[in-house]
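The values are calculated or read from the model by the stated rules, or taken from the named source; none is laboratory data. Keep in mind that this is a model prediction, so the values were computed, not measured. Note: ideal-geometry Cβ built from the backbone for every residue, glycine included; neighbour counts use all protein chains shown.
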């Protein structure tokens, strides 16, 4: 696919992606950016510039917590991980996303028996 | 504490920023490595990495927005939560709001006075460039007027020094009989140099303002500009105002225009109704024909500094011109023959430039110290109100401890809880500020009446203006923060388990509350002590009295020369008036004197004294002219020698004063206590000054300028005052109002067109002369009353709390056989432990304020033992009284019940 055919990420989904990525293992900003790139495989376009505001927003909401520790290159990096509240939030978002996706399929007639 | 919180907040902010910086740097460097691996050079890699995230600064800005959004969200939430919880406890909320409203309202009202009287710049072009020019040294000139006086010619000369000034003007306030067609009324006008409006940059609302051409040959241009307020209120705001006639002291003047709206002259204390050129001063100031003489100082000189010129540079730069002018002046043929000493002092004179953005005002001079004292007092009161609210919050906090503990356990951060407390107190501060601001105009109206009454027509305004509002907002926010600090700190310190486990308050909370009550005691002592000092000052002044009779006395003043009478006519009129008053059935006796008493002004001059040697007084003596009946009527005793008689009066009419009566202070200072009878004095000093006036008597001391002042005086026969008007002092029988009506009739029959000025009882006149002292005493009294109420509520609250917490301990003590008295003592001891250190700290503060307060005291020092003792006694008594109720409750504890309750 050509790069310009990637569609921009819908509002609010970036937060969900980040929670999902971090739920697997603690990660720093660069790492999360790499993972986003891999997972979305050029399907969605993630502006790297909006990653950091999102991380800080999630941290302030108490869904992520951050620690400085040594990264794979040996340098100190800020690692984010999920809090208990973050886990609950991710579960809730997955649930509501599944419901929404089901509803969309239903409306477009794909899921009809 | 504020400072620590501020530093903490700053350090936290710095940490956040540096962490973000590190985080972004890590990201960019990792991306650069990626790109370099793809074969890009370092610079290109860096460019790509930065472009990818849209610039580091951009990202940082967005992250900061996130922080702020979160803070604002939390704060809005805190405010909502605070509003709800405050609404649930209306009694608490009302008490707290009322405390702050009291503090903020009184501080805002006093601040507005301070602002209007002391700080407010004139509504003219660029007021900051205005300076007052003052002569520091000997002027060899005789003066009349208020302060900072110089002559008209020197003002005109200075106006030519264009390298320093964009213009120099002069002005003098004068009281006149004024009419715009109706009856003559006493009003104030400003006599000004022709460039007055031009230099100030004030235009006309109608017609034109005065110009240089109006200030030409003496008496040539009888023109006037009237004030906007007079035009609107008294002349209906007529558009065709230019060309109309007004009358000043019965002389017709042509109105050329109306001054701009909002411009009320350069004196906030005395607002003129009109301005006339100095060239017409003989008409505005009857009998004054020497306005062009450099020997007459009667005007204030104000200038506008030239562009780029500073006050310091202009002052230095004027030096050479001024010295040359002094030299030249002294070579003049008509320069007075004065002693070598006086010549030397004259030549050593300097010009001093003072900032005059606020204009020139004697009201400011009178009120500057009292107002700063009052501002300090309301500051103390506001601090006290904040402490009171802190105490209330802590008390509520210990009741809400479980709620706080629960929130902590649910994961709220300490900082969050502390901020919740701040939101509470900010809301209280805002509500208190609103209420206080609403009440401020009422307080302000009272203050103006109290402090500036009798000062007819001031520019003071009791409305809420932007500056009062600004002050109130700042005070409310500050009060909100200050009163929330202690509770916020306390809420942050409590542990979760501790808070949930403990049922009563924690020891820490009680300690903090005690500290707050101790602080309240200290501030209260300051206010009570100042109130005692001011009350004592007033009492001392009243006890001292003016030194003449006041009961059953009425006074009024007439100024026939302002009614168009010549000196000779005035002399005859005064005699007819005196006779008519004497004949009135209500009159017991009547005395007349020249210069009014107890108004702050006087006729004064240095004197030459001839005894067995010849010498000069080392300071001005106060002089006056009186009729022989003045002494018995006023109850002023002739302690040696004789009173004036008819022959003295007759001679004085032709030859001026030939005899004088001096007071006891004169005898003490200049005669070493020996009899002055037969010695001679002369008005003025200098080698050829003749001392020809014989001292024929000595009178008891009495007050002239004011009750505070004790001065050397000499009085001459009344007719020696050159045919000016005079003040009548009448001893009357019967009630004041009836007697005053009868006197008014008597004067009306002879001179119906002459206003009776300052017509009042002498008791009232004495009262008026003590306006400032009375205002200070009564304001300080109300402040200290409010302070006592606030701090006693605080003390009572803490003691009740302590008694409730110590019920078990008291119960055990009782069970073990302690007497009820010992339980009372236990509580009282606790109260004393707050009152005593509080009073000690308060004493230290009183000592610290000594310099500020000293200037307004009389007959008592700032650390007067009696006054301070009384204040401490009152505080201790009231404090123990407030503690007595909880103490009684403690003594009523039933041991069995108290132990069972646990």
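Inspection of region B:700-719 finds a residue satisfying the criterion of being in contact (Cβ under 8 Å) with a residue 24 or more places away in the chain, in a helix (DSSP H, G or I) and crowded, with 22+ Cβ neighbours inside 10 Å. Before we move on, is residue B:738 in the same structural domain as residue B:568 (by TED's automatic domain parsing), assigned to a loop (DSSP other than H, G, I, E, B) and over 33 Å from the mean Cα position of the chain (by Cα)? No: the conditions fail for residue B:738. Taken together, the criteria place residue A:90 among residues that are more than 8 Å from chain B (Cβ to nearest Cβ) and touching a residue at least 60 places away in the same chain (Cβ under 8 Å).
The set of residues in region B:677-689 being part of a loop (DSSP other than H, G, I, E, B) and touching a residue at least 60 places away in the same chain (Cβ under 8 Å) consists of B:679, B:684, B:685, B:686, B:687, B:688, B:689. Meeting the requirement of 1 or more residues that are crowded, with 17+ Cβ neighbours inside 10 Å, more than 9 Å from chain A (Cβ to nearest Cβ) and in contact (Cβ under 8 Å) with a residue 40 or more places away in the chain, the helices (runs of 4 or more DSSP H) wholly within region B:1-97 are B:56-88. Of the set (1) modelled with pLDDT of 90 or more; (2) away from every other protein chain (no Cβ under 14 Å), all apply to residue A:105 but (1). The single residue among A:76, A:59 that is within 15 Å of the chain's Cα centre (by Cα) and either within 12 Å of another protein chain (Cβ to nearest Cβ) or over 22 Å from residue B:55 (Cα atoms) (or both) turns out to be A:59. Filtering region B:649-659 to residues that are closer than 18 Å to residue B:724 by Cβ and either crowded, with 16+ Cβ neighbours inside 10 Å or touching a residue at least 60 places away in the same chain (Cβ under 8 Å) (or both) leaves B:649, B:652, B:653, B:656, B:657.
The residue that is surrounded by the most Cβ atoms within 10 Å (Cβ to Cβ), among those in region B:319-342 that are under 14 Å from residue B:137 (Cβ atoms) and modelled with pLDDT of 85 or more, is B:322.
Every residue, every condition in (1) modelled with pLDDT of 90 or more; (2) assigned to a helix (DSSP H, G or I), yes or no:
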| site | (1), (2) |
| --- | --- |
| B:824 | no, yes |
| B:842 | yes, yes |
| B:845 | yes, yes |
| B:858 | yes, no |
| B:871 | yes, yes |
| B:890 | no, yes |
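Assigned to a loop (DSSP other than H, G, I, E, B) and either in contact (Cβ under 8 Å) with a residue 24 or more places away in the chain or within 15 Å of residue B:181 (Cα to Cα) (or both), is that true of residue B:322? No.
Taken over region B:771-822, the criterion of being modelled with pLDDT under 85 and not in a helix (DSSP H, G or I) is satisfied by B:806, B:817, B:818, B:819. Screening residue B:249 with (1) farther than 30 Å from residue B:118 by Cα; (2) loosely packed, with under 15 Cβ neighbours inside 10 Å gives one miss only, at (2).
Here residue A:46 meets the list (1) more than 9 Å from chain B (Cβ to nearest Cβ); (2) out of contact with any strand residue (DSSP E or B) (no Cβ under 7 Å at 6 or more places or on another chain); (3) surrounded by fewer than 17 Cβ atoms within 10 Å (Cβ to Cβ) almost entirely, failing just condition (3). Exactly one residue out of B:596, B:628 is assigned to a loop (DSSP other than H, G, I, E, B) and in contact with a strand residue (DSSP E or B) (Cβ under 6 Å, 6 or more places away or on another chain), and it is B:596. Here is a check on your reading of the model: is residue B:165 modelled with pLDDT of 90 or more and at negative phi? So residue B:165 fits the description; yes. Of all residues in region A:59-85, those satisfying the criterion of being out of contact with any helix residue (DSSP H, G or I) (no Cβ under 6 Å at 6 or more places or on another chain), over 21 Å from residue B:25 (Cβ atoms) and in a helix (DSSP H, G or I) are A:84, A:85. Taking residue B:463 as the residue in question, decide whether it is over 22 Å from residue B:372 (Cβ atoms), touching a helix residue (DSSP H, G or I) at 6+ places or on another chain (Cβ under 9 Å), assigned by TED's automatic domain parsing to the domain that holds residue B:416 and surrounded by fewer than 16 Cβ atoms within 10 Å (Cβ to Cβ). So residue B:463 passes the test. The listed residues are B:284, B:274, B:242, B:278, and the only one of them that is farther than 30 Å from residue B:333 by Cα and surrounded by 23 or more Cβ atoms within 10 Å (Cβ to Cβ) turns out to be B:274.
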